[in-house]
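Step one of this worksheet: look at the structure below.
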Amino acid sequence: MIVPMLIALFAYGERLATGTSLAAIIVIALLAAAMQGGIYGNVDVGTGLILTGPAILGVVFGTAIQQRIPEKSVSFMFALLLIGVGVYMLVP
Amino acid sequence: MDIAIACLLCAIGGIVAGLIGVGGGIVFVPAMTVLLSKGQVEAESTSLLMIALVSVVGAWRQKGYGNVNVRDALVIGLLSPVGVLFGVVVANEVPERALKIGFALLAFYMAWRLLRRVFRDEGAPPAPGDGPPAGEPVRS
C-alpha cells in the first residue's frame with residue numbers, strides 16, 4: 001500500500017514512489033526478518049540466499065525497465081495488482 | 001528441476017519488485033510453498049529475508065536514478081511497526097471476513113485513484129480530492 005498511498009495521497013511521481021517504497025521496505029523487512037529468524041528461527045537462510053540471487057538480477061532489470069517506460073504505466077500495473085488482490089480477498 | 005523453476009519465478013518476482021516498488025513476496029512465497037514444499041510460516045519468514053536483500057539492491061538502483069526520498073522512506077519504515085501493532089489488535093477484534101472485505105474495498109479505492117490518474121487528460125486540472133498539485137516532493 002506504500003506506492004499507491006504516495007502516488008494518490010501525496011502527489012508523488014510513480015518512479016519516486018516506487019524507489020521510496022523499496023527503501024522503506026528495507027527497514028520493514030529487516031525488522032520482520034530479524035524477529036522471525038532471530039526469535040522464532042523460521043528463516044531458511046540457505047534457501048533464501050539461493051533464491052535471492054536471481055531475484056536481485058530481476059530487481060536490477062526491473063528498475064532499469066521502469067526508467068524506460070511511461071510513468072503512468074506503473075500506476076496502471078499497480079492498479080491491476082490491487083484489483084487482483086481485492087478480488088482474491090472477496091473470494092470466500 | 002524444482003529449484004531451477006523457483007529461481008526463475010524469483011527472478012520474475014524481482015522484476016515485479018523493481019517495476020512497481022513492492023517487495024516481491026507475492027511471488028517468493030508461493031515459489032517456496034508450491035515448488036520447494038516449505039511450510040507457509042517458513043516460506044513467509046524466508047521471503048522477508050529475501051525482500052530485505054532485494055529491496056536494498058532495488059533502492060540502491062533507484063537512488064542512482066534519483067528516485068528515492070530517504071527521509072520519507074525512513075519515516076514510513078519506522079512507523080510501519082506501529083501500524084503492525086495496531087493491525088494485530090484490530091485483527092483480533094474484527095471478524096476475518098470483515099477484515100478481508102475492508103482490505104478489498106481499500107484496494108479497489110486505491111486502484112480507482114491510480115486509474116483516474118492514468119486516464120486523466122494531461123492538461124486537465126486535478127479533480128477534487130486529488131491532493132496538492134504535482135509539486136515534486138523534496139528529494140534527499
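For the protein assembly as shown, report the translational diffusion coefficient in µm²/s to the nearest whole number, using Stokes-Einstein at 20 °C, 1.002 mPa s, and a Kirkwood Rh over Cα pairs.
Calculated translational D: 118 µm²/s.
Each label point is 7 Å from the Cα along the Cα-to-Cβ direction; what then is the distance between the points at B:Leu99 and B:Phe119, in nm?
Result: 3.3 nm between the two label points.
Can you list the lysines whose alpha carbon is less than 27 Å from that of B:Lys38, not counting same-chain residues fewer than 8 positions off?
Those lysines meeting the cut-off are B:Lys100.
Tally Lys/Arg at +1 and Asp/Glu at -1 over every other residue whose Cβ is under 15 Å from the Cβ of B:Leu36; what's the total?
-3
Take the Cα gyration tensor of chain B, multiply each eigenvalue by 5, square-root it, and list the three semi-axes largest first, rounded to whole angstrom. All intermediate terms of the calculation are to be shown ahead of the outcome.
On the way: eigenvalues 179, 102, 59 Å².
That gives 30, 23, 17 Å for the three semi-axes.
Highest mean first, what order results for B:54-67, B:87-100 on Cβ atoms within 10 Å?
In decreasing order of mean packing, B:54-67, B:87-100 become B:54-67, B:87-100.
Counting only other chains, and only Cβ atoms inside 10 Å, what mean value do you get across the residues of B:77-90?
3
If you take each beta carbon of peptide A:70-83 and count the beta carbons of other chains within 10 angstrom, what is the mean?
Counting Cβ atoms of other protein chains within 10 Å of each residue's Cβ and averaging gives 6.
Can you give the Rg/Rh ratio of the stretch B:70-122, where Rg is from the C-alpha atoms and Rh is the Kirkwood radius?
Details: Rg = 15.4 Å, Rh = 13.5 Å.
Here the Rg-to-Rh quotient is 1.13.
Can you give me the P(r) profile for the stretch B:1-68? Cα pairs, bins 5 angstrom wide beginning at 0, each as a whole percent.
4, 20, 26, 23, 14, 8, 4, 2
Using 0.36 nm per residue of separation minus the Cα-Cα distance, give me the extension gain between B:Phe86 and B:Gln40 in nm, one decimal.
Gain in length upon complete extension: 14.2 nm.
Please list, ordered by chain and number, the residues whose modelled amide H lies under 5 Å from the amide H of A:Tyr12; skip anything fewer than 5 residues away on the same chain.
Placed amide hydrogens put A:Ile7 under 5 Å from A:Tyr12.
Per-residue Cβ counts within 10 Å, from other chains only, averaged over B:100-106: what number is that?
Averaged over the peptide's residues, the number is 5.
Can you give the three extents of the C-alpha atoms in the stretch A:2-90 along their principal axes, from longest to shortest, in whole Å?
41, 32, 24
Counting only residues 5 or more places away or on other chains, whose amide H sits under 5 Å from the amide H of A:Asp44 once H atoms are built in the peptide plane?
Long-range HN contacts for A:Asp44: B:Thr46.
Here, each number is a calculation from the coordinates, and none is a lab measurement. Note that the structure is predicted; figures quoted are calculated from it, not measured. Note that we place each Cβ from the backbone using ideal geometry, even for glycine, and neighbour counts take in every protein chain shown.
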